Amino acid sequence: MANNVPSQIGKYPIVRELGRGATSRVYLARDPFGERDVAIKVVRPEPGVDPAVQKRFNKSFLNEAALIGRLIHPHIIQIFDANVTDDYSYIVMEYAPGETLEERCVVSNLLPISDVVEIAFKCSLALEYASRQGVIHRDIKPANILRGVSDEIKISDFGAAQFQSGEQTVMQGMGSPAYMSPEQIHEKPLDHQTDIYSLGVVMYQLLTGRLPFFASNKASLVYQITNIEPVSPSVHRADLPEALEKLVMQTMAKELTARFKSWSDFSRELAQSYRHLELPADAVTDQEKFDAITQMPFFKEFREIEAWEIVRISAWHQYPSGKDVLKEGETGEDFFLILDGKAQVKKSGQVVGALEPGDCFGELLYFDKQRTARTTTISSASEMTVVKIKAQALQESTDGLQKQFNKSFLRILVNRRSHISDRRHIAV
């Protein structure tokens, strides 16, 4: 390809160049069929490559692009199309405007600790999903993690991926040395634990602005990764919580037996320290969510298909005792249902009621188009698990589900008026 930006690649008109590497370039393009912006990564063959080798590469390129294209997850960049020509190969991907995490790996531009934890949590869910599909990323690093304008997280570039149900990839790239696990450096058989290690290195760098190992040459770097224990991240960031420091160090353990054995173990440990995160997928399965929902009186008249729709649009949160879930004076449309635990209702700092499993709160502002402020504070009186439903998600759900919610809300309103003394149903 010429040095200038092409006007079109395949059927995709090119808007501008987004970036480039030694053998590849990435362009912003327009998908005329899907009427959406896409990113196109173009890979050129290395000069002098054997035609037979290139032919095998092209075949593998298309096969593996198709496999990666089956990874449908909110935190993984989706692949829409791929093709090879005599001059180059290209992959058409979801375009996610924003920044990579590289810019957040310098001391002067670090993210809040809670943001780093949430990023790692979302990455763990995505990589756990990929490993279930037989895909090991093998190149987790800040440059391959995108943070969108609304803080959404997307993992990109599976070009070095290993597929457990087929021959190993021959696509460009075999990982970045600074983020490689000891077993990857030694070219041993790999599984999901190599990605766990790499994500630990990313966390270390995001938290401190430094890599755990740094050297002027590759040989020295490899020696450190395989033989030297990293300096504790709290040395570089004094306000780092001890529990999080321990987690990062365990994630980067050299021995597999000392490292987290599964993604669910890793994400569950994060959630224990930061209870505002959604529960890990393995902590509560979809079937368990469905069973819990159908047992709640609030949903007694909901059909099975509507209960499953709730599973899809809801988020499950855990709160420690004494945590404010909603605050008096705040605005918002989201509403909550208590699955487990108890809550206190406070007004002007005074306790005026209690909520128990099965109760809901926050629903009145769902109907308030003026966005008035909440009139009470809801705090967890014990460890509490709640189902949170965003108003926008419900507004975009099926008509049947909206009608059932409206009927349930009406039933609660009638019950509150009939039992005004029952403090479990304080309007918030």
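Kindly provide the set of residues from segment 323-358 that are of a type outside the set (D, E, K, R) and within 25 Å of the chain's Cα centre (by Cα), ordered by number.
Scanning segment 323-358 gives VAL325, LEU326, GLY332, PHE335, PHE336, LEU337, ILE338, LEU339.
Take LEU211 and decide whether it is in the same structural domain as ARG104 (by TED's automatic domain parsing) and not in a helix (DSSP H, G or I).
It is true that LEU211 is in the same structural domain as ARG104 (by TED's automatic domain parsing) and not in a helix (DSSP H, G or I).
Only one of TYR129, TYR88 is under 17 Å from the mean Cα position of the chain (by Cα) and hydroxyl-bearing (Ser, Thr, Tyr); which?
Just one listed residue meets the conditions, TYR129.
I need the full set of residues from segment 194-225 which are surrounded by fewer than 21 Cβ atoms within 10 Å (Cβ to Cβ) and within 26 Å of ALA130 (Cα to Cα), in order please.
The answer is LEU211, and nothing else.
Just one of SER89, SER108 is modelled with pLDDT of 80 or more and under 30 Å from ASP239 (Cα atoms); which is it?
SER108
Out of the residues in segment 44-61 that are touching a residue at least 60 places away in the same chain (Cβ under 8 Å) and surrounded by 15 or more Cβ atoms within 10 Å (Cβ to Cβ), state the one that is nearest to SER7 (Cα to Cα).
This residue is PHE61.
Would you check which residues across segment 392-404 are modelled with pLDDT of 80 or more and either surrounded by 13 or more Cβ atoms within 10 Å (Cβ to Cβ) or in a helix (DSSP H, G or I) (or both) and list them?
Those that are modelled with pLDDT of 80 or more and either surrounded by 13 or more Cβ atoms within 10 Å (Cβ to Cβ) or in a helix (DSSP H, G or I) (or both): LEU394, ASP399, GLY400, LEU401, GLN402, LYS403, GLN404.
Do you know which of the residues in segment 1-43 that are touching a residue at least 40 places away in the same chain (Cβ under 8 Å) and basic (Lys, Arg) is farthest from SER156 (Cα to Cα)?
Filtering first and then ranking leaves ARG36.
Checking the condition assigned to a helix (DSSP H, G or I), acidic (Asp, Glu) and in contact (Cβ under 8 Å) with a residue 60 or more places away in the chain, which residue from ASP265, ASP195 passes?
ASP195
Considering only residues that are surrounded by fewer than 16 Cβ atoms within 10 Å (Cβ to Cβ) and among the acidic types (Asp, Glu), look in segment 1-38 and name the one that is nearest to the chain's Cα centre (by Cα).
Looking at the filtered set, the residue picked out is ASP37.
When segment 315-360 is examined, which residues are found to be touching a residue at least 40 places away in the same chain (Cβ under 8 Å) and aliphatic (A, V, I, L, M)?
ALA315, VAL325, LEU326, LEU337, ILE338, LEU339, ALA343, VAL345, VAL352, ALA354, LEU355
I'm told LYS41 meets every condition in (1) of a type in the set (Lys, Arg); (2) in contact with a Ser or Thr (Cβ under 9 Å, 6 or more places away or on another chain); (3) surrounded by fewer than 16 Cβ atoms within 10 Å (Cβ to Cβ) except one. Can you identify the failing condition by its number?
For LYS41, the exception is condition (3).
Going through segment 325-334 one residue at a time, which ones are surrounded by 15 or more Cβ atoms within 10 Å (Cβ to Cβ) and touching a strand residue (DSSP E or B) at 6+ places or on another chain (Cβ under 7 Å)?
VAL325, LEU326, GLU328, ASP334 - these are the residues of segment 325-334 that are surrounded by 15 or more Cβ atoms within 10 Å (Cβ to Cβ) and touching a strand residue (DSSP E or B) at 6+ places or on another chain (Cβ under 7 Å).
The values are calculated or read from the model by the stated rules, or taken from the named source; none is laboratory data. If you're wondering where the values come from, they're calculated on a predicted model, not measured in any experiment. Backbone-built Cβ (ideal geometry, glycine too); neighbour counts: all protein chains shown.
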